[in-house]
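The values are calculated or read from the model by the stated rules, or taken from the named source; none is laboratory data. This structure is a prediction, so every number in the text was calculated from the model and none was measured. Ideal geometry is used to build each Cβ from the backbone, glycine not excepted, and the neighbour counts take in all protein chains shown.
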Amino acid sequence: MSLLDVGIVIISMLISFMVIAFIILAFDQLVTAQQGDINDDGQVTITDYTLLRLDLIGAKGLSLNELRRADMNGDGYIDEYDLELIKERLLK
Ligand SMILES: [Ca+2]
Ligand SMILES: [Ca+2]
């Protein structure tokens, strides 16, 4: 392998890493943008607040994906604090 080949390999690897990093960042932003939108209709509304409230009082459980979107502060727990954060979002 010549020095030029090695250079080309290194540059292609760097470009691949940059593309992967960009995809991860874009995906992360997409996921973050969904936080609070429990029913996944594109916006955070009183319906999302009600869904979380019903789950917290044990009236109607949320699915795993809904729970992921309900975790407003991303601490892995769904609690009153997340409900409060959705309320703050609604009042903004
Ligand atoms: Ca929603
Ligand atoms: Ca939480």
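A few points about this structure:
- Residue ID - farthest from Asp40 (Cα to Cα), chosen from residues in segment 67-82 that are within 15 Å of ligand 1 (Cβ to nearest atom) and touching a helix residue (DSSP H, G or I) at 6+ places or on another chain (Cβ under 7 Å): Asp82
- Output for segment 44-66, where each listed residue is within 16 Å of ligand 1 (Cβ to nearest atom) and of a type in the set (A, V, I, L, M, F, W, C): Val44, Ile46, Leu51, Leu52, Leu54, Leu62
- Test result for Ile46, closer than 30 Å to Ile86 by Cα and in contact (Cβ under 8 Å) with a residue 40 or more places away in the chain: yes
- Checked against the criterion of being modelled with pLDDT of 95 or more and more than 20 Å from the chain's Cα centre (by Cα), the candidates Ile11, Ile46 yield just one match: Ile11.
- Filtered residues of segment 49-80 (kept if under 11 Å from the mean Cα position of the chain (by Cα) and among the basic types (Lys, Arg)): Arg68, Arg69
- Helices (runs of 4 or more DSSP H) enclosed by the chain - at least 3 residues per element that are more than 16 Å from ligand 2 (Cβ to nearest atom) and surrounded by 10 or more Cβ atoms within 10 Å (Cβ to Cβ): 3-34, 46-56
- All conditions but one from (1) closer than 21 Å to Lys92 by Cβ; (2) within 15 Å of ligand 1 (Cβ to nearest atom); (3) of a type outside the set (Ser, Thr, Tyr); (4) in contact with a helix residue (DSSP H, G or I) (Cβ under 7 Å, 6 or more places away or on another chain) apply to Asp41; the one that does not is (4).
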